[in-house]
Amino acid sequence: MDYLFDIMLISLSAALINNFVLYYFVGICPFIGVSRQVGMAVGMGSAVTFVMTVAVFLSWTITTLILMPGAPLSAWVAGFFMPADKAAAIDLTILTYIVYIFSIASSVQFVEMYVRRFYPPLYKTFGVFLPLITTNCAILFACLTVMTNIVGVESPEEAWDLGRALALGIFGGVGFTIAIVIMAGIREELDLCDVPQAFKGTAITLIVGGILAMAFMGFTGVDSGIRVAVTGAP
Amino acid sequence: MANFPTPLERFVQGILPENPVYRQFLGLCPTLAVTNGLKPALTMALAVGAVLLCANVIISLIRNLLKPHLRIVVFTLTIATFVTIVDRVLAAYMYQMSKTLGPYIPLIIVNCIIICRCEVCASRQPVTAAAADALGQSIGFGLALASIAAVREILGTGMLAGYQVLPDVWPAWVIMVLPPGAFLTFGLLMALVNWVDTVRSKKTGGRG
């Protein structure tokens, strides 16, 4: 019960309350660039959700097995070269960024090849967006959030397990999709409006984004409210 | 090589004519995320500038060894290395600031400005042009960040870099330092830049 409740809160928070785009400002480039039509926005959103899930899975696995202080796999490998006490204390967290960006780039490449070969209809829906999202900040941001919740916690019991990490990955992507689809819907209407010359293009999109962010601020505090209502304690 | 801009042109272009934020719409994530105060904004600009300079110089030095299909990977790994260095340096000497900037320092890796400059300039031109380009783009990025941050901080708190600039009667617009303020300020400033542009081009058009 507690566990499911925790997963639910993480999902709700990632999708709505702390929306990746409108609260953390990650993934702004596609949010501005690929939000002209609803169809394209849905394709982009599903591609990001898919890659984010894969990337979060990879980064959780790599961090837990190899990168974090005293990780089992690297300790086992290091055991061949150095005394056991030194091997157990091995800490590779400094490599985190390089390993993450490399695993994201290569997983995007493999996903693209796999989808193109085995699911041509799916490839038609979001295949063209896959290379673009290698350098999408939202993906790396999700991986870094997972890392902070594994390495940065006070006691080992608080570290996230795979379920929590995947919840963040999937619902972070869903949140991104919600934001970009709403944005695309508004922009399709905007094309019919008489926007002042200076605001045409990116400027008006940013203003609309600001109003959307204000609307999403209405979700602030929902998670702590639910927590109080369910557990009875703050 | 004759068609490429000289180092001086690269430097000048980066500051205003090809400003990375207002003209090329690059690096928008940090532009919106860390501009709730002037200090974090300038630190961010400095960090991006340092990474951009190092990455541009290195890429320019090895540009003849690059294979076309592998270049993006090489760019990203080079950038990731320098970002790790900057991240460690910040954590060592400015611990509080590195806490404030949080995940946005590692997110410099996927900052489009750096990859774009590596691709457009550093992988084609010699070291001096690449370095001048990096300096110009960094100054342009810093100016853009500072302008947004100054507006947001003054309206949101009545202070600038921690000093009181507006009288106490100012009802601090908290919304300006919250996420929506970032979008609104940036949108309005970009409209201002566009408007100044149109007015200026009309003037020169009339004379010419």
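The values are calculated or read from the model by the stated rules, or taken from the named source; none is laboratory data. If you're wondering where the values come from, they're calculated on a predicted model, not measured in any experiment. Ideal geometry is used to build each Cβ from the backbone, glycine not excepted, and the neighbour counts take in all protein chains shown. Keep in mind that these areas ignore ligands, DNA and RNA; they rest on the heavy atoms of the full protein, side chains included. Shrake-Rupley method; radii C 1.70, N 1.55, O 1.52, S 1.80 Å.
Here are some notes:
- Projecting the Cα atoms of A:TYR3, A:PHE102, A:THR49 onto the dipole axis of the protein assembly as shown, where Lys and Arg carry +1 and Asp and Glu carry -1 at the beta carbon, places A:PHE102 farthest toward the positive end.
- Phi angles of segment B:99-104 translate, via the Karplus equation with coefficients 6.51, -1.76, 1.60 and θ = phi - 60°, into HN-Hα couplings of 5, 5, 6, x, x, 6 Hz per residue; Gly and Pro are given as x.
- Taking amide H as placed 1.01 Å from N in the peptide plane, the amide H of B:LEU160 sits under 5 Å from that of B:VAL165, each at least 5 places away or on another chain.
- Rh (Kirkwood; distinct C-alpha pairs) - chain A, Å: 19.4 Å
- Mean-square fluctuations from a GNM of chain B, with a 10 angstrom spring cutoff on Cα atoms, peak among B:LEU32, B:LEU46, B:LEU178 at B:LEU178.
- Probe 1.4 Å, all protein chains present, accessible-area order of A:THR205, A:THR220, A:THR231, A:THR177, largest first: A:THR220, A:THR231, A:THR177, A:THR205
- Cα shape, segment A:37-166, gyration tensor, a/c 1.5 rule: prolate
- Per-residue SASA remark: A:ARG116, around 130 Å² accessible (1.4 Å probe; ligands, DNA and RNA not included).
- Simple point charges give the picture: +1 on the Cβ of Lys and Arg, -1 on the Cβ of Asp and Glu, and for chain B a dipole about the Cα centre of about 440 debye.
- Nearest-ten-degree value, helix A:38-62 long axis tilted from longest Cα axis of chain A: 10 degrees
- Accessible surface, 1.4 Å probe, highest first, among residues A:MET217, A:MET8: A:MET8, A:MET217
- Cross-link reach list, lysines versus B:LYS203, counting only Cα pairs under 27 Å and skipping chain neighbours closer than eight places: A:LYS200
- Rounded tilt (10° steps) of A:162-190 against the dominant C-alpha axis of chain A: 10 degrees
- GNM result for chain B, Cα springs below 10 Å: residue of B:ALA131, B:ALA47, B:ALA172 fluctuating most strongly: B:ALA172
- Put a dot 7 Å past the Cα of A:MET8, heading toward its Cβ, do the same for A:ASP91, and the two dots end up 3.8 nm apart.
- The GNM of chain B, with springs linking C-alpha atoms under 10 angstrom apart, assigns the highest mean-square fluctuation among B:GLY187, B:GLY27, B:GLY37 to B:GLY187.
- Residue-averaged [θ]222 nm for chain B, counting only DSSP H segments that reach four residues, each worth -39500 (n - 2.57): -22000 deg cm²/dmol
- Cα-centre dipole for the protein assembly as shown with unit charges at Cβ (Lys and Arg positive, Asp and Glu negative), debye to 20: 1440 debye
- Taking all protein chains together, B:GLU18, B:GLU9 sort by accessible area into B:GLU9, B:GLU18, largest first [probe 1.4 Å].
- Angle in degrees between helix B:38-61 and the longest Cα principal axis of chain B, rounded to the nearest 10: 0 degrees
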